[in-house]
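The values are calculated or read from the model by the stated rules, or taken from the named source; none is laboratory data. Predicted model, so just to flag it, every value in this text is computed and none were measured. Because the Cβ atoms are built from the backbone with ideal geometry, glycine has one as well, and the counts that use them run over all protein chains shown.
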Amino acid sequence: MTEIQVSARFSIHNGKYDEFVGLADEIIEIVREQDGGTQQYDWFFNENHDECVVRETYADSDALLEHIDHVGASLARLLELSDISIEIYGDPSVELLEASADLEPAVYHFHAGLDG
(Lines give C-alpha, C1' and ligand atoms only; values in the text may rest on other atoms or scores of the structure.)
Protein backbone atom coordinates (compact mmCIF):
# COMPACT_ATOMS: atom_id res chain seq x y z
CA MET A 1 0.00 0.00 0.00
CA THR A 2 1.65 3.23 -1.12
CA GLU A 3 -1.37 5.42 -0.29
CA ILE A 4 -1.04 7.36 2.96
CA GLN A 5 -4.06 8.40 5.02
CA VAL A 6 -3.95 10.94 7.80
CA SER A 7 -6.35 11.95 10.53
CA ALA A 8 -5.44 15.25 12.19
CA ARG A 9 -7.44 16.32 15.24
CA PHE A 10 -7.23 19.90 16.45
CA SER A 11 -8.43 21.07 19.88
CA ILE A 12 -9.13 24.74 19.24
CA HIS A 13 -8.14 27.16 22.01
CA ASN A 14 -10.94 29.10 23.65
CA GLY A 15 -11.98 32.13 21.62
CA LYS A 16 -9.85 31.19 18.59
CA TYR A 17 -12.48 29.51 16.39
CA ASP A 18 -12.96 32.37 13.91
CA GLU A 19 -9.23 32.83 13.41
CA PHE A 20 -8.80 29.06 13.08
CA VAL A 21 -11.50 28.85 10.39
CA GLY A 22 -9.92 31.73 8.47
CA LEU A 23 -6.59 29.91 8.42
CA ALA A 24 -8.27 26.63 7.52
CA ASP A 25 -9.83 28.29 4.47
CA GLU A 26 -6.42 29.69 3.44
CA ILE A 27 -4.84 26.24 3.78
CA ILE A 28 -7.59 24.55 1.78
CA GLU A 29 -7.00 27.04 -1.05
CA ILE A 30 -3.23 26.40 -0.96
CA VAL A 31 -3.87 22.65 -1.21
CA ARG A 32 -6.37 23.13 -4.02
CA GLU A 33 -3.92 25.26 -6.03
CA GLN A 34 -0.56 23.64 -5.25
CA ASP A 35 -0.81 20.00 -4.15
CA GLY A 36 -0.52 17.38 -6.87
CA GLY A 37 -0.95 14.12 -4.98
CA THR A 38 -3.63 15.03 -2.43
CA GLN A 39 -6.69 12.84 -3.00
CA GLN A 40 -8.80 13.83 0.01
CA TYR A 41 -8.61 16.89 2.23
CA ASP A 42 -11.82 17.33 4.23
CA TRP A 43 -12.29 19.47 7.36
CA PHE A 44 -14.98 18.71 9.95
CA PHE A 45 -15.98 20.71 13.07
CA ASN A 46 -17.94 19.52 16.08
CA GLU A 47 -21.09 21.35 17.22
CA ASN A 48 -19.23 23.29 19.91
CA HIS A 49 -16.65 24.55 17.39
CA ASP A 50 -13.82 23.57 19.71
CA GLU A 51 -12.61 20.53 17.76
CA CYS A 52 -11.73 20.00 14.14
CA VAL A 53 -10.82 16.76 12.37
CA VAL A 54 -9.10 16.80 9.00
CA ARG A 55 -9.34 13.60 6.92
CA GLU A 56 -6.53 13.40 4.40
CA THR A 57 -5.45 10.90 1.73
CA TYR A 58 -2.28 11.14 -0.34
CA ALA A 59 -1.05 9.10 -3.29
CA ASP A 60 2.14 8.24 -1.39
CA SER A 61 4.68 9.57 1.11
CA ASP A 62 6.15 11.96 -1.46
CA ALA A 63 2.74 13.55 -2.00
CA LEU A 64 2.39 14.13 1.74
CA LEU A 65 5.91 15.58 1.91
CA GLU A 66 4.93 17.97 -0.89
CA HIS A 67 1.80 18.93 1.08
CA ILE A 68 3.87 19.60 4.22
CA ASP A 69 6.16 21.84 2.16
CA HIS A 70 3.18 23.83 0.87
CA VAL A 71 1.30 24.29 4.15
CA GLY A 72 4.07 24.16 6.76
CA ALA A 73 4.05 27.88 7.61
CA SER A 74 0.25 27.97 7.82
CA LEU A 75 0.21 24.84 9.98
CA ALA A 76 2.62 26.52 12.39
CA ARG A 77 0.12 29.39 12.71
CA LEU A 78 -2.73 26.88 13.31
CA LEU A 79 -0.70 25.34 16.13
CA GLU A 80 -0.68 28.72 17.87
CA LEU A 81 -4.49 28.50 17.97
CA SER A 82 -4.90 24.81 18.80
CA ASP A 83 -3.35 21.57 19.99
CA ILE A 84 -2.95 18.74 17.48
CA SER A 85 -2.82 14.97 17.45
CA ILE A 86 -2.06 13.12 14.24
CA GLU A 87 -2.53 9.54 13.09
CA ILE A 88 -0.85 8.24 9.93
CA TYR A 89 -2.21 5.12 8.24
CA GLY A 90 -0.07 3.16 5.77
CA ASP A 91 3.65 2.67 5.38
CA PRO A 92 5.24 6.12 5.50
CA SER A 93 8.75 6.59 4.19
CA VAL A 94 11.67 7.32 6.51
CA GLU A 95 11.74 10.86 5.08
CA LEU A 96 8.08 11.39 5.96
CA LEU A 97 8.58 10.07 9.49
CA GLU A 98 11.53 12.42 9.96
CA ALA A 99 9.61 15.40 8.55
CA SER A 100 6.65 14.80 10.87
CA ALA A 101 8.59 13.74 13.98
CA ASP A 102 8.00 17.03 15.85
CA LEU A 103 4.23 16.42 15.64
CA GLU A 104 4.67 12.96 17.22
CA PRO A 105 2.19 11.14 14.97
CA ALA A 106 0.84 7.72 15.85
CA VAL A 107 1.56 5.41 12.91
CA TYR A 108 -0.66 2.47 11.97
CA HIS A 109 0.62 0.02 9.35
CA PHE A 110 -1.81 -1.62 6.93
CA HIS A 111 -2.74 -5.24 7.65
CA ALA A 112 -5.65 -6.19 5.39
CA GLY A 113 -8.89 -4.88 3.95
CA LEU A 114 -11.20 -5.02 0.99
CA ASP A 115 -8.41 -4.08 -1.40
CA GLY A 116 -5.79 -6.42 -0.05
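Below is a table of values for the structure above.
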{"read-out": "Yes/no for Asp60 being surrounded by 13 or more Cβ atoms within 10 Å (Cβ to Cβ), over 28 Å from His13 (Cα atoms) and acidic (Asp, Glu)", "value": "yes"}
{"read-out": "Test: residue in region 11-29 that is touching a Phe, Trp or Tyr at 6+ places or on another chain (Cβ under 7 Å), assigned to a strand (DSSP E or B) and surrounded by fewer than 16 Cβ atoms within 10 Å (Cβ to Cβ)", "value": "no"}
{"read-out": "Which numbered condition Glu98 fails, given (1) crowded, with 16+ Cβ neighbours inside 10 Å; (2) out of contact with any Leu (no Cβ under 6 Å at 6 or more places or on another chain); (3) not aliphatic (A, V, I, L, M)", "value": "(1)"}
{"read-out": "Matching option when the condition is closer than 22 Å to Ala101 by Cβ and charged (D, E, K, R), among Glu66, Glu29", "value": "Glu66"}
{"read-out": "Residue in region 101-116 that is without any contact (Cβ under 8 Å) to a residue 40 or more places away in the chain, surrounded by 11 or more Cβ atoms within 10 Å (Cβ to Cβ), out of contact with any helix residue (DSSP H, G or I) (no Cβ under 6 Å at 6 or more places or on another chain) and more than 25 Å from Glu29 (Cβ to Cβ) present", "value": "yes"}
{"read-out": "First in region 2-26 and over 13 Å from Trp43 (Cβ atoms), second anywhere and assigned to a helix (DSSP H, G or I) and at pLDDT below 95, Cβ under 6 Å, 6 or more apart", "value": "none"}
{"read-out": "Whichever residue in region 63-72 is within 15 Å of Ile86 (Cβ to Cβ) and not β-branched (Val, Ile, Thr) and, among such residues, is surrounded by the fewest Cβ atoms within 10 Å (Cβ to Cβ)", "value": "Gly72"}
{"read-out": "Gln39 vs. criteria surrounded by fewer than 14 Cβ atoms within 10 Å (Cβ to Cβ), touching a Ser or Thr at 6+ places or on another chain (Cβ under 7 Å), outside any helix (DSSP H, G or I) and touching a residue at least 12 places away in the same chain (Cβ under 8 Å)", "value": "yes"}
{"read-out": "Which listed residue is of a type in the set (Lys, Arg) and surrounded by fewer than 13 Cβ atoms within 10 Å (Cβ to Cβ), from Arg77, Arg32, Arg55", "value": "Arg32"}
{"read-out": "All positions within region 73-116 that are acidic (Asp, Glu) and in a helix (DSSP H, G or I)", "value": "Glu95, Glu98, Asp102"}
{"read-out": "Pick from region 80-95, criterion surrounded by 13 or more Cβ atoms within 10 Å (Cβ to Cβ) and among the charged types (D, E, K, R), ranking: farthest from Val53 (Cα to Cα)", "value": "Asp91"}
